[in-house]
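Undergrad: I'd like to ask some things about the structure below.
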Amino acid sequence: LIPFCVSIMLIGFTIISFVFVYRNMLAQQRLADMKNEFISNITHELKTPVATVNVAIEALRNFNALEDTVRTKEYLDISAIELQRLSLLIDKVLRLSMFENHNVSLRLESVDIVTLTQEVLTSMRLQLEKAKATVHFNPEQSILPMQADRLHFTSVIYNLLDNAIKYSPANPVIDIQLLTDNQSTVFTVKDNGIGIPAAYKHKLFEKFFRVPDNDRHNTRGYGLGLSYVAHIIRLHKGTIEVNSEEGKGSTFIIKLPLVHE
Ligand code: ADP
């Protein structure tokens with residue numbers, strides 16, 4: 001009886017290992033497919049802003065820019081928006097390759113998070129205007145500087161605000177809150193958008209994950225922003241959480257230590 005039981009256990013173990021390896025292979029394959037799709041889509045998308053800026057410059061050349069200031073402003077605004085889009089796309093490509101090579105390292109410095117947030121808001125002015133978004137950001141005077149990587153944290157704020165706009169189709173209202181105590185900074189971005197179905201909340205920070213019926217809302221993306229954000233927050237030894245109600249909006253809450261030991 002004992003050899004029989006051992007054989008059954010061995011067979012069972014072999015089957016379980018096989019299923020495990022097979023599922024792992026499928027997951028790897030799925031990730032590889034998504035990566036290929038990402039590369040082919042983004043290559044195509046990179047061309048659009050370049051072409052649009054080219055057209056705008058060509059147009060500026062063809063009339064007297066100093067005389068027709070209204071048209072000049074219009075073409076310059078278009079160029080600024082497209083260049084911002086281009087830089088975001090390039091950012092995404094760089095981010096993916098950073099992920100692949102596991103070589104994201106932080107350059108920590110003392111960062112005034114209030115000023116940093118205001119700078120991001122200024123750089124997004126046109127995008128916010130285009131989306132008819134209202135932003136509330138009234139930080140207290142007493143917000144302490146924190147140790148952070150300026151470049152990566154700028155991208156974190158940008159990603160959260162970009163999502164808040166993208167996933168709030170009608171007149172987005174975005175509340176940014178900053179609180180500090182002696183140990184940590186709490187940075188919150190709240191929107192009044194489409195929200196996130198409870199069933200998908202746990203997958204939100206996975207690479208390439210997008211809520212399946214996003215396309216209904218005509219938003220474009222690759223499901224890389226939040227996985228990047230979560231990775232950067234983890235490197236800062238912080239946490240990120242999301243509270244959301246479908247149809248009402250989402251709140252992303254980041255908590256970061258003020259100083260790294
Ligand atoms: P992307 O926006 O490029 O798809 P992200 O990683 O930034 O990628 O976000 C992953 C998914 O999480 C999005 O596709 C969307 O379904 C959901 N999501 C992110 N932010 C919000 C938000 N503020 N409101 C509703 N859904 C969101």
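Undergrad: Which of the three applies to region 171-243, rounded, prolate or oblate, going by the alpha-carbon gyration tensor with a ≥ b ≥ c and a/c under 1.5 meaning rounded? Could the numbers behind the result be given before it?
TA: Numbers: a/c = 2.37, a/b = 1.45, b/c = 1.63.
Judged from the Cα gyration tensor, region 171-243 comes out oblate (a/c at least 1.5, b/c at or above a/b).
Undergrad: Additional query: Against the longest principal axis of the chain, how steep is helix 150-166, in degrees 0 to 90 to the nearest 10, with axes from Cα atoms?
TA: Approximately 90 degrees, to the nearest ten.
Undergrad: Could you let me know the centre-to-centre spacing of region 36-110 and region 141-167, using Cα atoms, in angstrom?
TA: Their Cα centres are 20 Å away from one another.
Undergrad: Please enumerate, by chain and number, the aspartates and glutamates with C-alpha under 19 Å from the C-alpha of LYS73, excluding those fewer than 8 residues away in the same chain.
TA: Straight-distance partners of LYS73: GLU58, GLU82, GLU129.
Undergrad: Rounded to whole Å and ordered largest first, report the semi-axes of the equivalent ellipsoid of region 112-261 derived from its Cα gyration tensor (root of 5λ). Write down the numbers at each step before the final one.
TA: On the way: eigenvalues 119, 66, 36 Å².
Equivalent ellipsoid of region 112-261: 24, 18, 13 Å, largest first.
Undergrad: I need to check one value: relative contact order of region 123-193, counting alpha carbon pairs closer than 8 Å and at least 6 residues apart, in percent.
TA: The value is 37 percent.
Undergrad: If you don't mind, another one. Expressed as an acute angle from 0 to 90° and rounded to the nearest 10, what is the orientation of the C-alpha long axis of helix 113-123 relative to the principal long axis of the chain?
TA: Here the helix axis deviates by roughly 60 degrees.
Undergrad: Rounded, prolate or oblate: which one fits region 23-127, using the alpha carbon gyration tensor with axes a ≥ b ≥ c (rounded when a/c is under 1.5, else prolate when a/b beats b/c, else oblate)?
TA: On the way: a/c = 3.80, a/b = 1.55, b/c = 2.45.
Verdict is oblate for region 23-127.
Undergrad: In whole Å and largest first, what semi-axes does the C-alpha gyration tensor of the chain yield when each eigenvalue is scaled by 5 and square-rooted? Walk me through the numbers before you get to the answer.
TA: Values: eigenvalues 321, 137, 66 Å².
Working through the eigenvalues yields semi-axes of 40, 26, 18 Å.
Undergrad: Then there's this: As a check on your grasp of the helix formula, calculate [θ] at 222 nm for the chain: sum -39500 (n - 2.57) over DSSP H runs of n ≥ 4, divide by the residue count, round to the nearest 500.
TA: Values: 6 runs with 139 residues, N = 261.
Result for the chain, helices only: -18500 deg cm²/dmol.
Undergrad: Scattering from the C-alpha atoms of region 93-166 alone, worked out with Debye: what is log10 I(q)/I(0) at q = 0.15, 0.18, 0.28 1/Å?
TA: Log10 of I(q)/I(0), two decimals: -0.63, -0.85, -1.28.
Undergrad: Something else: Which lysines have a Cα lying under 29 Å from the Cα of LYS201, excluding residues fewer than 8 positions away in the same chain?
TA: Straight-line reach from LYS201, under 29 Å: LYS35, LYS92, LYS130, LYS132, LYS166, LYS190, LYS237, LYS248, LYS255.
Undergrad: Tell me the net charge near PHE205. Cut-off is 11 Å between Cβ atoms, PHE205 excluded, with +1 for each Lys or Arg and -1 for each Asp or Glu. All intermediate terms of the calculation are to be shown ahead of the outcome.
TA: Numbers: positive: LYS201, LYS203, LYS207, ARG234; negative: GLU206, GLU241.
With Lys, Arg at +1 and Asp, Glu at -1, the neighbours total +2.
None of the figures in this text is laboratory data; all of them are computed from the coordinates on show. None of these values were measured; they are calculated from a predicted model. Cβ coordinates were reconstructed from backbone atoms using ideal geometry, including for glycine residues, and neighbour counts include every protein chain displayed.
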